[in-house]
Amino acid sequence: MIGSTRQVRVFVYRDAVDMRKGFEGLSGLVSEHMKRPLLSGDVFVFVGRTRRRAKALYFDGTGLCLFTKRLVRGLFAAPWTRPGGGPLEVTMSELSLLLEGSEFVLRARLSPEAYVAIGNTRAA
């Protein structure tokens with residue numbers, strides 16, 4: 001099972017992917033194109049050209065996991081329509097919506113950025 005905390009980061013590959021790719025092919029996209037460490041525990045999501053299939057790749061601490069979903073009705077959101085370069089970072093909640101085939105995911109950021117504590121700014 002994919003962890004459900006905010007500490008798990010989710011990156012969506014911005015281009016359409018050949019869904020025949022397996023562990024090795026998708027791992028290559030993560031390291032070479034997304035420039036992310038494969039064994040970080042982050043979730044990497046890929047959507048096929050027809051938008052009927054999606055795959056999620058992640059390292060659970062003991063090995064690589066590859067999850068595949070094919071929608072019976074509807075289409076996955078198309079990350080290649082989003083402006084910008086590099087992988088698109090989404091939250092776990094947005095990943096859930098993406099994998100459900102929600103029409104609203106990836107159109108606008110649905111969740112606030114994660115809170116990051118800033119060090120004590122008080123002068124000593």
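Return yes or no: is T62 exposed (fewer than 14 other Cβ atoms within 10 Å of the Cβ), assigned to a strand (DSSP E or B) and modelled with pLDDT of 90 or more?
no
For the condition crowded, with 18+ Cβ neighbours inside 10 Å, modelled with pLDDT of 95 or more and within 21 Å of G101 (Cα to Cα), A56 qualifies. Would you confirm, using the coordinates I've provided, whether S96 is on the phi < 0 side of the Ramachandran plot and open to solvent by less than 40 Å² (accessible area, probe 1.4 Å)? No: the conditions fail for S96. Candidates T81, T91: the one that is modelled with pLDDT under 90 and either surrounded by 13 or more Cβ atoms within 10 Å (Cβ to Cβ) or touching a Pro at 6+ places or on another chain (Cβ under 6 Å) (or both) is T91. Looking only at the stretch 79-94, residues that are without any contact (Cβ under 8 Å) to a residue 40 or more places away in the chain and part of a loop (DSSP other than H, G, I, E, B) come to 1 in all.
Filtering V30, V8 for residues that are outside any strand (DSSP E or B), under 15 Å from E94 (Cα atoms) and open to solvent by less than 60 Å² (accessible area, probe 1.4 Å) leaves a single hit, V8. When D18 is tested against (1) modelled with pLDDT under 95; (2) surrounded by fewer than 14 Cβ atoms within 10 Å (Cβ to Cβ), just one condition goes unmet, and that condition is (1).
The values are calculated or read from the model by the stated rules, or taken from the named source; none is laboratory data. All of these numbers come straight from a predicted model, not from anything done at the bench. Backbone-built Cβ (ideal geometry, glycine too); neighbour counts: all protein chains shown. These accessible areas exclude ligands, DNA and RNA; they are computed on the full protein's heavy atoms, side chains included. Shrake-Rupley method; radii C 1.70, N 1.55, O 1.52, S 1.80 Å.
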